[in-house]
Amino acid sequence: MSKFAFEAHNVSRSFGVVQALKNVSLGVAPGEVHAIIGENGAGKSTLMNIFCGKLQPTEGTLARNGEIVNFTSPIDSQQAGVGIAPQEVSLVPNLSVYENILLGAQLTKGPRIDWKLTRAEAIEHLHAVDDTIDPDLRVRKLSKAQQQLVQIARAAATKPRILIFDEPTAALTYRETEKLYSYIRNFRAEGGSVFYVSHRLDEVLALSDRISVLRDGAFIIELDPKNTSKETLVNHMVGRDVSRAQKALRPDFEKADVVLEVEGLCRAGEFEDVSFNLRKGEILGVSGLIGAGRTELAKCIFGLTHKTKGKVRILGQEHEIKSPADAINLGLVYLPEERKQEGIFPLLSITENMAMPNLDRFRSLLHFRFGDMQKEVQGYVERLKIKIGQQKDRITSLSGGNQQKVIIGRWLMKNSKILIMDEPTRGIDVNAKFEIQRELRRFTDNGLSIIFISSEIEEVIDVSDRVMVMHEGRVKGICNSGEASPEQLMQLAMS
Amino acid sequence: MTTVTKLTGNPTMAVQRKTSLMNRFWRWEASGILVALVALVLVLSFTTGNFLSSYNLVVVARQAAFVGLVALGQTMVLLVGGIDLSVGAAAGLSAIVGSLLLTSVGVNPYLVIPLTMLFGMGLGLINGVFVAGLRLNPFIVTLATWEIFAGLTLVITQGYPIRPLGEPFTFFGKGDVFGVPNPVVIFVVLGAALIWLLTQTRFGRNVFAVGGNREAAILAGIHVKRDEFLAFGLAGMFAALAGILYASRMDAGQPSVGEGWLMGCITAAILGGTSLRGGQGSIVGTMMGALLLAVLANGTVLLNVSGFWQRVIVGFVVLLAVLVDLFRTRD
């Protein structure tokens, strides 16, 4: 009899020639939180997908309470008591919150669904995770964070004995994360088992009873969180020493030119009376809870939405930015949060993705000078240290972090002056994250100015020169990042 | 608008405020079609003398019933995120097979309709095998089966109608219940049954889930392929029912049965607020959509507008419906 409630025995999985998982064995005992960490591409999600029956192992077996089980679909895993809150929100946008929670498991009376009972039970599951979400709203009306919470309530509603969380806090704010932790602790106290995948090492250390590190599809080491440091974790994840992004010397910005000046900007229902300026070479961090209006502000400055009131000056000149095309022509670029949906062209190559807005530069009378284009793209690939196979590969062949760098290369190539980055490091692995944080300083050294939106307060402080905190659509304060502690900023963001 | 400004900075608050009856009405997918239908009926009853006569209303309702029945099945397929281009041809082939069952095989007239429906369901399930089972594109699969079904109809009939079908079989298409034509009664009863199925059973909710987010449905442990498969089966079944009822009404299994029903049924569903992307729509909307098309056709005749203009008008109405939907969802 195994001591594990659920375990993998020598599980391997390959996709064509790529070996995503190599001979991995690990398990979770009742009443235990087992964290799985690793860089992107380490095989965590593949393993989780095998656990929940979405993928089948090419070799090896799964066992539930010591008995071998064979999951051919998520239906099987659910019946065995395994529930998953997947990384990507996977809900039906046009159905209500409560129906999504009990999707496919509505309570029935004969052939009929008993809507009253169904709703009541769904609300119970929802409230265990969050009690501020309206259960009758359609899911598409919810924010990203709220959807993630509904997703978690969904997983809980299958009444699992084993719960798998794949990056549950990626979109969550501080307060919601705390609620999730207490939910997980309760679940554990009742004898439930948890597999917990996360990039946030602090929370892994705080929450888990055991940590397993995966690298390149293989199991590396099991660690006890009580006597492990973050640095040790990172070193095992990447297989070598990584020094944290250095706090670069902050130049004296008082004398630098103001490149962007926003004065009294309003957009009804989203944000109000926002004023700030951005100097040449500066990184301005924007912090706040989800729903504070940061993304809305960025989209408005970029011309995706229209302001109700206020002024935007670029290099001292007032401009009416009516569309993204206007903004780009003025040298202002926005890198959206939803990289996949709004940033990349998944069917095109790396070269085309980077050169897309710059095609005119490479046009001769009748044809594109592809040679020149490739040469210039290669320059940025090297400057930004983008890990690629060949330029003509599809951009989707790259990891998330490297895709992001291609997009940044695109705008450097376009000779942009101001970059607004919305959660650029969300959901990418630690190594690529540090790399991007380091790169940001290199960009600014080349004359770029950056507005850096992030929900991770420590990251904002590490990366930015100044931090602007927003709360419910208003600016709560702007301070030099050297003078602020994470706790102070959090206080500002929440009041 | 001032109240909205005051809620600045907390968009969820704005959404959660008490919604008026009017707002709730507009949020309903079929609100646009209902308004259009009422407006059109009002206009026609004032501009023509005889639109509201019971005779004319019966004509309109019967006209709506045939395309409407096909549209009910099409709506199921659209809701799971598919499309079935073969319904018209399936209706034609089923009508021929049903007529032959009656005349050549000598099947009991009362069994002909259920058997034909089963046959039509089989045709739909063939589409289902390719689309749900093999994950092929529904547009291409049903384009192919459309040709196959239509071709088989001609092969079997050599282009000649099968007639007469005779009493008592013609009662199903020609008879009435208290003055309401049988096809209309069947249309309304089955429409109500589908509404119940879609709103009150797990299968019905799964249909919305599969069309709204297939991935989420899979993860929720829903038998996605089975539900898609069944939706195509229902589309075939409803098409066959419409086809055989039409044959019954005409007292002949004509090879041309079902021609023109494809565009009609998709138009009815779209007018009724069903999304081509799946996951959104309603049976009530589709039924009103079918009715609107019939009223339009009837109105152009009553107003002495050339029949040639009718298609132009229908085209504009569809564009208008899409525009209304655009403004409705942009809240």
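The values are calculated or read from the model by the stated rules, or taken from the named source; none is laboratory data. This structure is a prediction, so every number in the text was calculated from the model and none was measured. FYI the Cβ positions are ideal-geometry reconstructions off the backbone, even for glycines, and counts take in every protein chain you see.
Of all residues in region B:177-197, at least one satisfies being within 14 Å of chain A (Cβ to nearest Cβ) and in contact with a Gly (Cβ under 6 Å, 6 or more places away or on another chain). In the set B:VAL67, B:VAL87, B:VAL97, B:VAL38, only one residue is at pLDDT below 95 and away from every other protein chain (no Cβ under 14 Å); that residue is B:VAL38. Of the residues making up region A:178-217, those that are basic (Lys, Arg) and more than 18 Å from A:HIS236 (Cα to Cα) are A:LYS179, A:ARG185, A:ARG188. Is it the case that region A:55-76 has a residue that's within 25 Å of the chain's Cα centre (by Cα) and surrounded by 15 or more Cβ atoms within 10 Å (Cβ to Cβ)? Within region A:55-76, one or more residues are within 25 Å of the chain's Cα centre (by Cα) and surrounded by 15 or more Cβ atoms within 10 Å (Cβ to Cβ).
Residues that are at the interface with another protein chain (Cβ under 9 Å from one of its Cβ atoms), among the basic types (Lys, Arg) and in contact (Cβ under 8 Å) with a residue 12 or more places away in the chain occur at least once in region A:51-70. Against the conditions (1) in contact (Cβ under 8 Å) with a residue 24 or more places away in the chain; (2) of a type in the set (A, V, I, L, M, F, W, C); (3) over 20 Å from A:TYR183 (Cα atoms), A:ALA128 satisfies every one except (3). Within region B:211-251, the residues that satisfy the criterion of being within 11 Å of chain A (Cβ to nearest Cβ) and either touching a Leu at 6+ places or on another chain (Cβ under 8 Å) or aromatic (Phe, Trp, Tyr) (or both) are B:GLY211, B:GLY212, B:ASN213, B:ALA216, B:ALA217, B:ALA220, B:ILE222.
Matching residues to (1) within 15 Å of the chain's Cα centre (by Cα); (2) assigned to a loop (DSSP other than H, G, I, E, B):
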position	(1), (2)
B:PHE46	no, no
B:PHE51	no, yes
B:ASN56	no, no
B:ALA61	yes, no
B:LEU69	yes, no
B:GLN74	yes, no
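Checked against the criterion of being buried (at least 24 other Cβ atoms within 10 Å of the Cβ), more than 14 Å from chain A (Cβ to nearest Cβ) and at positive phi, the candidates B:GLY258, B:GLY289 yield just one match: B:GLY258.
Only one entry of B:ALA193, B:ALA209, B:ALA217 meets the criterion of being in a helix (DSSP H, G or I), in contact (Cβ under 8 Å) with a residue 40 or more places away in the chain and either among the small types (Gly, Ala, Ser) or surrounded by fewer than 17 Cβ atoms within 10 Å (Cβ to Cβ) (or both), and that entry is B:ALA209.
Scanning region A:136-172 for residues that are over 18 Å from A:PRO93 (Cα atoms), away from chain B (no Cβ under 12 Å) and in contact (Cβ under 8 Å) with a residue 40 or more places away in the chain yields A:ALA156, A:LYS159, A:ARG161, A:ILE162, A:LEU163, A:PHE165, A:GLU167, A:PRO168, A:ALA170, A:LEU172. B:VAL177 falls short on exactly one of the conditions (1) more than 29 Å from B:GLY81 (Cβ to Cβ); (2) more than 23 Å from the chain's Cα centre (by Cα); (3) surrounded by fewer than 18 Cβ atoms within 10 Å (Cβ to Cβ), and that condition is (2).
Filter region A:40-49 for residues that are away from chain B (no Cβ under 14 Å) and in contact with a strand residue (DSSP E or B) (Cβ under 7 Å, 6 or more places away or on another chain); which is surrounded by the most Cβ atoms within 10 Å (Cβ to Cβ)?
Taking region A:40-49 and keeping what is away from chain B (no Cβ under 14 Å), we get A:40-44, A:46-47.
Next, from what is left, pick out any that are in contact with a strand residue (DSSP E or B) (Cβ under 7 Å, 6 or more places away or on another chain): A:42-44, A:46-47.
Details: A:ALA42: 24, A:GLY43: 25, A:LYS44: 26, A:THR46: 22, A:LEU47: 28.
That would be A:LEU47.
Here is the figure for region A:114-132: residues that are at pLDDT 90 or above and surrounded by 13 or more Cβ atoms within 10 Å (Cβ to Cβ) total 13. Residues that are surrounded by 24 or more Cβ atoms within 10 Å (Cβ to Cβ) and assigned to a loop (DSSP other than H, G, I, E, B) within region B:220-230 comprise B:ALA220, B:ILE222, listed in sequence order. Test of understanding: among B:LEU152, B:LEU165, B:LEU143, which residue is out of contact with any helix residue (DSSP H, G or I) (no Cβ under 9 Å at 6 or more places or on another chain) and either surrounded by 13 or more Cβ atoms within 10 Å (Cβ to Cβ) or at pLDDT below 95 (or both)? Of the residues listed, the single one that is out of contact with any helix residue (DSSP H, G or I) (no Cβ under 9 Å at 6 or more places or on another chain) and either surrounded by 13 or more Cβ atoms within 10 Å (Cβ to Cβ) or at pLDDT below 95 (or both) is B:LEU143.
One line per residue, one yes/no per condition, for (1) surrounded by 21 or more Cβ atoms within 10 Å (Cβ to Cβ); (2) farther than 23 Å from A:ILE408 by Cβ; (3) in contact with an Asp or Glu (Cβ under 8 Å, 6 or more places away or on another chain):
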{"site": "A:GLU272", "(1), (2), (3)": "yes, yes, no"}
{"site": "A:SER287", "(1), (2), (3)": "yes, no, no"}
{"site": "A:GLY293", "(1), (2), (3)": "yes, yes, yes"}
{"site": "A:PHE302", "(1), (2), (3)": "yes, no, no"}
{"site": "A:HIS306", "(1), (2), (3)": "no, yes, no"}
{"site": "A:ARG313", "(1), (2), (3)": "no, yes, yes"}
{"site": "A:GLY316", "(1), (2), (3)": "no, yes, yes"}
{"site": "A:ALA327", "(1), (2), (3)": "yes, no, no"}
{"site": "A:PRO336", "(1), (2), (3)": "no, no, yes"}
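Looking across region A:360-382, just one residue is within 12 Å of A:LYS414 (Cα to Cα) and surrounded by fewer than 13 Cβ atoms within 10 Å (Cβ to Cβ), and that is A:ASP360. How do the pairs read when you match residues in region A:373-387 that are without any contact (Cβ under 8 Å) to a residue 60 or more places away in the chain with residues anywhere that are surrounded by 13 or more Cβ atoms within 10 Å (Cβ to Cβ) and β-branched (Val, Ile, Thr), using Cβ under 7 Å and keeping only pairs 6 or more apart or on different chains? Cβ pairs passing all conditions: A:MET373/A:THR351; A:GLN374/A:THR351; A:VAL377/A:THR351; A:VAL381/A:ILE388; A:LEU384/A:ILE408; A:ILE386/A:VAL406. Sort out which residues of region B:127-184 are among the aromatic types (Phe, Trp, Tyr), in a helix (DSSP H, G or I) and under 30 Å from B:VAL59 (Cβ atoms), and write them in order of number. Once the filter is applied, which keeps residues that are among the aromatic types (Phe, Trp, Tyr), in a helix (DSSP H, G or I) and under 30 Å from B:VAL59 (Cβ atoms), region B:127-184 yields B:TRP146, B:PHE149, B:PHE171, B:PHE172. Within region A:83-109, if we keep just the residues that are surrounded by 19 or more Cβ atoms within 10 Å (Cβ to Cβ) and among the hydroxyl-bearing types (Ser, Thr, Tyr), the residue that is farthest from B:ASN213 (Cα to Cα) turns out to be A:TYR98. Here the condition is being touching a Leu at 6+ places or on another chain (Cβ under 7 Å) and under 22 Å from B:LEU276 (Cα atoms); of B:LEU115, B:LEU136, B:LEU125, B:LEU143, it holds for B:LEU143 alone.
Per-residue answers, yes or no, for (1) within 14 Å of chain B (Cβ to nearest Cβ); (2) in a loop (DSSP other than H, G, I, E, B); (3) free of Cβ contacts under 8 Å to residues at least 40 places away in the same chain:
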residue: A:GLU272; (1), (2), (3): yes, no, no
residue: A:SER275; (1), (2), (3): no, no, no
residue: A:GLY285; (1), (2), (3): no, no, no
residue: A:ALA292; (1), (2), (3): yes, yes, no
residue: A:ALA298; (1), (2), (3): no, no, no
residue: A:GLY303; (1), (2), (3): no, yes, yes
residue: A:LYS307; (1), (2), (3): yes, yes, no
residue: A:VAL312; (1), (2), (3): no, no, no
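With respect to the conditions (1) surrounded by fewer than 23 Cβ atoms within 10 Å (Cβ to Cβ); (2) closer than 20 Å to B:GLY221 by Cβ; (3) within 25 Å of the chain's Cα centre (by Cα), A:LYS141 falls short on a single one, namely (2). Return a yes/no flag: does region B:244-262 have any residue that is among the small types (Gly, Ala, Ser), within 16 Å of the chain's Cα centre (by Cα), under 21 Å from B:ILE126 (Cβ atoms) and modelled with pLDDT of 95 or more. No, because not a single residue in region B:244-262 is among the small types (Gly, Ala, Ser), within 16 Å of the chain's Cα centre (by Cα), under 21 Å from B:ILE126 (Cβ atoms) and modelled with pLDDT of 95 or more. Selection within region A:85-117: residues that are within 7 Å of chain B (Cβ to nearest Cβ) and among the aliphatic types (A, V, I, L, M). The member of this set that is farthest from A:VAL150 (Cα to Cα) is A:ILE113.
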